[in-house]
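The values are calculated or read from the model by the stated rules, or taken from the named source; none is laboratory data. The model shown is predicted, which means the values in this text are computed figures rather than measured ones. Glycine also receives a Cβ, built like all others from the backbone with ideal geometry; neighbour counts cover every protein chain displayed. For accessibility, only protein heavy atoms count, side chains too; no ligands or nucleic acids. Shrake-Rupley method; radii C 1.70, N 1.55, O 1.52, S 1.80 Å.
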Amino acid sequence: MDGEDRPADLRLVGPALAAWVGAAGAGLTAPAPPVLLIAGLLLCSVLVCAVLLARRPHIWRPAATGLAVLACLAAGVLTAGVAARGRVHGPLADLEGIRAAATIEGTLTGDPRVSPRGNTQLVIVPLRVERLSADGRDLRLRQPMLVLATASGWADLLPSQRIRADGNLASPRAADTVAAVLFVRGPPVVVGGPSTVQAAAAHLRQGLRDAASGLDGPRRGLLPGLVVGDTGNLAEDVKDDFRVAGMSHLVAVSGANCAIIIAAVTLLVRRCRFGPWLRAGWVALALLCFVVLARPSPSVLRAGVMGLIGIVATGSGRQRGAVPALCATVLMLVLVSPDLARSAGFTLSVFATAGLVILAPGWRDALSQRMPKWLAELLAVAAAAHVACSPVLAAIGGGVSLVAIPANMIADCAVAPATILGVLATMAAVCCMPLARLFAALAGVPCGWLVMIADIAARAPGAQIAWPTGPPGALALVAVTVVTLGAVRRRRGRSLLAAAAIGAVTVELIVMVGSAGSSPSTG
């Protein structure tokens, strides 16, 4: 049997899911010490059994997957449970209850986010608190904290900067992954500068913003968001259009950004007479430079890994090896950083990559029998990513977009040119701003196309429908998707789905016309 015709290797799916579920559950419940002790004993017992059974292949082969699932489940519970108990029952817990005044010193772990609140702006700053003075106690610790500030000076901070601030402690929400929240009214005191990598990233990002400043309208804010996820200058109405159209992933650093960079550099080095290892080195170097540009936060590093897996799956035709690579990546990330197990961004990245790896190749091959191969590729990739991510988006309250697949298909042709030209503008801004502005002006053309597509799609009748949130909503959407995919395989089912879609659009148009006709006229 040909290597490409063999079924995907799914042996690591069970262990990866077990570690993910164990870490998510333990992080949410902060299990008691006896539970952690049982998890530790189970992990040790499984390892001992594995060593003993390894000498008996006839028993080891059928038992290996089951033992791996138990070991990964126990490891997920153990790593996430220890971290969760440190947050929930650590030294900050007593101080939070009395909303104690505190002086903290810590290091920023991410970009500050600005959230408008009426006439003021609330700045949300993630940091790792390393020293805390409150209620007569001076504590040294390493716990994640969220600072909520209304004073000036917070929004301009960079990741890895060390700051000192005074405020009042408060308890986080039950599902949060931080140990405490600090409400601050005054400006921060900077006691340490950013790292060299973060400073270089800030300089490059500012260069891109300067190069894009000559663009008009929403394109000025979209280009930095499209290239490096910098949406500070992107208007809220444009963000809403992208969300309703199912295109919000374009304005966040995702595996797609990294895949575009990897693909562009791969095509470039293939023209050179480099050996395979040297070509791989150039691609890895380009990916590393892009990670620096987008700031090496955990989400960006995750996107880089997912993008690498996606490009291997779709470009090399080795889908059989891509699934184990994805599972191994999930397993490693969840055990190293257990908080990712409850991260919506992590879940969307994994599901989107799984859609590209598992669903897209088969759909592409089936569609290519009825349409040109390039069109089949576009439709398969857009549909696979949408089908894979829709249950997650529905669970977190994002509704269900009915225009996401056609919108992303039409927009896809503009994403790669805008991203590559944006990266070239960023590089040129270091030494030649006129050249950078030229690249930015060229990138503005595909950016304008994306804005137009998002605007049209978001205003289409029935662009987004309400859907139940939480796990019930996700399970309901999975069931509807399975039924729909089953119906698509049959001619009668396709006819019924087409009739239902036409009927739904007709009803939506009648409702819209009726609402417009019944609205009171203004004289």
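From Ala71, Ala80, Ala93, grab the single residue that is open to solvent by less than 70 Å² (accessible area, probe 1.4 Å), at pLDDT below 80 and assigned to a helix (DSSP H, G or I).
Of Ala71, Ala80, Ala93, the one residue that is open to solvent by less than 70 Å² (accessible area, probe 1.4 Å), at pLDDT below 80 and assigned to a helix (DSSP H, G or I) is Ala93.
Would you point out the residue of region 334-356, among those that are surrounded by fewer than 24 Cβ atoms within 10 Å (Cβ to Cβ) and in contact with a Ser or Thr (Cβ under 6 Å, 6 or more places away or on another chain), that is nearest to Ala18 (Cα to Cα)?
In this case the residue turns out to be Leu335.
Filter region 403-423 down to the residues that are more than 21 Å from the chain's Cα centre (by Cα) and over 14 Å from Ile456 (Cβ atoms) and list them by number.
Cys413, Pro417, Leu421
Taking Leu148, is it closer than 20 Å to Val82 by Cβ and open to solvent by 10 Å² or more (accessible area, probe 1.4 Å)?
Criteria not met by Leu148.
May I ask you to verify whether Arg140 is more than 27 Å from Leu234 (Cβ to Cβ) and either in contact with a Lys or Arg (Cβ under 9 Å, 6 or more places away or on another chain) or acidic (Asp, Glu) (or both)?
Yes, satisfied.
It is to be established whether one or more residues within region 178-194 are crowded, with 20+ Cβ neighbours inside 10 Å, in a loop (DSSP other than H, G, I, E, B), touching a helix residue (DSSP H, G or I) at 6+ places or on another chain (Cβ under 6 Å) and not small (Gly, Ala, Ser).
Checking region 178-194: not a single residue is crowded, with 20+ Cβ neighbours inside 10 Å, in a loop (DSSP other than H, G, I, E, B), touching a helix residue (DSSP H, G or I) at 6+ places or on another chain (Cβ under 6 Å) and not small (Gly, Ala, Ser).
Answer yes or no as to whether Met332 is modelled with pLDDT under 75 and either outside any helix (DSSP H, G or I) or within 23 Å of Val69 (Cα to Cα) (or both).
Considered against the rule, which asks whether it is modelled with pLDDT under 75 and either outside any helix (DSSP H, G or I) or within 23 Å of Val69 (Cα to Cα) (or both), Met332 comes out as no.
Quick one: Asp210 ticks every box in (1) modelled with pLDDT of 90 or more; (2) open to solvent by 40 Å² or more (accessible area, probe 1.4 Å); (3) under 20 Å from Gly153 (Cα atoms) except a single one, so which number is it?
(3)
Filter region 18-47 down to residues that are at pLDDT 90 or above, closer than 22 Å to Leu333 by Cβ and open to solvent by 90 Å² or more (accessible area, probe 1.4 Å), then give me how many there are.
1
Can you pull out the residues in region 215-245 that are open to solvent by 30 Å² or more (accessible area, probe 1.4 Å), touching a residue at least 40 places away in the same chain (Cβ under 8 Å) and closer than 16 Å to Gln464 by Cα?
Hits for region 215-245 are Asp240, Arg243.
For region 412-439, what are the residues that are more than 27 Å from Val244 (Cβ to Cβ), assigned to a helix (DSSP H, G or I) and not β-branched (Val, Ile, Thr)?
The answer is Leu424, Ala425, Met427, Ala428, Met433, Pro434, Leu435, Ala436, Arg437, Leu438, Phe439.
Specify the residue that is farthest from Leu12 (Cα to Cα); the eligible residues are those in region 357-378 that are open to solvent by 40 Å² or more (accessible area, probe 1.4 Å) and of a type in the set (A, V, I, L, M).
Met371
So, in region 153-169, how many residues would count as being among the small types (Gly, Ala, Ser), open to solvent by less than 10 Å² (accessible area, probe 1.4 Å) and more than 20 Å from Arg142 (Cβ to Cβ)?
0
Identify the residue in region 379-414 that is farther than 21 Å from Ile453 by Cα and among the aliphatic types (A, V, I, L, M) and, among all such residues, is surrounded by the fewest Cβ atoms within 10 Å (Cβ to Cβ).
Ile396
Quickly run through region 203-234 and pick out the residues that are among the hydrophobic types (A, V, I, L, M, F, W, C) and more than 21 Å from the chain's Cα centre (by Cα).
If the condition is that a residue be among the hydrophobic types (A, V, I, L, M, F, W, C) and more than 21 Å from the chain's Cα centre (by Cα), then Leu204, Leu208, Ala211, Ala212, Leu215 are the ones that fit.
Can you tell me which residue is farthest from the chain's Cα centre (by Cα) among those in region 40-75 that are closer than 19 Å to Val13 by Cα and not aliphatic (A, V, I, L, M)?
Only one residue tops the list, namely Trp60.
Taking Arg56, is it open to solvent by 60 Å² or more (accessible area, probe 1.4 Å) and either among the aliphatic types (A, V, I, L, M) or modelled with pLDDT under 85 (or both)?
Yes, satisfied.
Would you check if there is a residue in region 248-261 being polar (S, T, N, Q), in contact (Cβ under 8 Å) with a residue 24 or more places away in the chain and closer than 27 Å to Ala149 by Cβ?
no
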